[in-house]
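Values in this text are rule-based calculations from the coordinates and carry no lab data. Quantities reported herein were computed from a predicted structural model and do not represent experimental measurements. Because the Cβ atoms are built from the backbone with ideal geometry, glycine has one as well, and the counts that use them run over all protein chains shown.
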Amino acid sequence: MSRTLRNTRRSPAVLLVAILCALGLATSAQAASQTVLSLRLDETSGRTAYDSSGLKNHGTFGSGVTVGQKGSSYLFTTGHITVKTASSLNPGTKPFSFSLDVAWDTRVPTSAARDVDLMRKGLASTSGGSYKMELKPQPTCFFKGAGATEKYVASSRNVLDGAFHSITCRRSGSTLSITVDGATTSRSIAIGTIGNSSPLTIGSKPDGGDQTRGYLRNVRVAVG
């Protein structure tokens with residue numbers, strides 16, 4: 001049998017190996033992403049939002065946050081959740097995402113959504129960098145690298161109708177993106193490393209400014 005014929009007969013096996021290797025690489029890439037914060041916000045009592053990531057990045061809160069609300073959520077009126085700083089919440093230069101579900105409180109005029117915080121870690125003035133998600137009133141993601149200026153990417157989607165909407169902010173390489181209910185908008189821009197000693201807050205700034213007026217659930221941060 002000629003060498004050419006033998007190679008031809010073996011080619012399907014070679015192709016199969018190549019496909020399996022490609023699938024393995026894709027699986028490895030997916031497995032590299034680690035959930036470092038997962039707050040379902042489905043508690044019906046107490047003042048602790050429990051983290052199910054296994055890293056114990058639990059959140060605490062006081063007045064102005066009401067548990068056990070519609071769709072297994074918390075209602076935010078004058079308060080916020082605080083998650084203590086942790087190295088796991090600082091992505092450095094790695095790809096990362098932060099996400100949640102939000103439903104605006106329709107008893108509050110939509111004009112109040114001109115500049116409200118959904119979640120953040122750090123401020124625009126934080127030297128080590130920061131990341132945050134806001135309503136302006138359009139959903140907007142902000143990223144700031146250490147010693148750099150703040151960059152953003154915004155969605156044109158309306159999320160102020162009282163229904164729950166899923167928002168995900170993501171940095172992957174030099175691409176920043178926001179996905180709202182499956183629709184993605186992206187920008188190509190490098191931001192550098194992000195790491196700070198600030199707490200992660202949900203619902204407002206740490207000082208109570210830029211207060212969210214609505215329902216939040218399924219808060220998540222993933223790195224890698």
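A few points about this structure:
- Ranked list, fewest to most other Cβ atoms within 10 Å of each Cβ, for Arg170, Arg47: Arg47, Arg170
- Relative exposure of Ser188, Ser53, Ser99, Ser204, judged by other C-beta atoms within 10 Å (fewest first): Ser188, Ser53, Ser99, Ser204
- Pairs of Cα atoms farther than 24 Å apart, the chain, %: 46 percent
- Efficiency of FRET from Cβ geometry, Ser88 and Thr66, R₀ 35 Å, rounded to 0.05: 0.80
- Computed over the chain with a Gaussian network model linking Cα atoms closer than 10 Å, the most mobile of Leu100, Leu39, Leu55 is Leu55.
- Extension gain from Thr184 to Asp115, taking 0.36 nm per residue of separation minus the Cα-Cα distance: 22.7 nm
- Within the stretch 101-193, chymotrypsin sites (Phe, Trp or Tyr not before Pro) in DSSP loop having at most 10 other beta-carbon neighbours inside 10 Å: none
- At R0 = 22 Å, FRET efficiency that the Cβ-Cβ distance of Thr44 and Val108 yields, to 0.05: 0.40
- For the stretch 35-49, Karplus couplings with θ = phi - 60° (6.51, -1.76, 1.60), whole Hz, Gly/Pro x: 6, 9, 8, 9, 10, 6, 6, 10, 5, 10, 7, x, 10, 10, 9
- Rounded to 10°, Cα long-axis angle of helix 3-31 versus longest principal axis of the chain: 10 degrees
- Our helix-only sum for the chain, with -39,500 (n - 2.57) per DSSP H run of n ≥ 4 divided by its residues, gives a mean residue ellipticity at 222 nm of -4500 deg cm²/dmol.
- Amide proton proximity set for Gly214, modelled H, under 5 Å, gap of 5+: Phe76, Asp105
- Working from label points 7 Å from Cα in the Cα-to-Cβ sense, the Ser156 to Ser197 distance is 4.4 nm.
- Full extension of the chain segment joining His58 with Ser174 gains 38.7 nm, where the gain is 0.36 nm per residue of separation less the Cα-Cα distance.
- Distance-filtered residues of the stretch 83-126 - backbone nitrogen under 13 Å, label point 7 angstrom along Ala146 Cα→Cβ: 90-94
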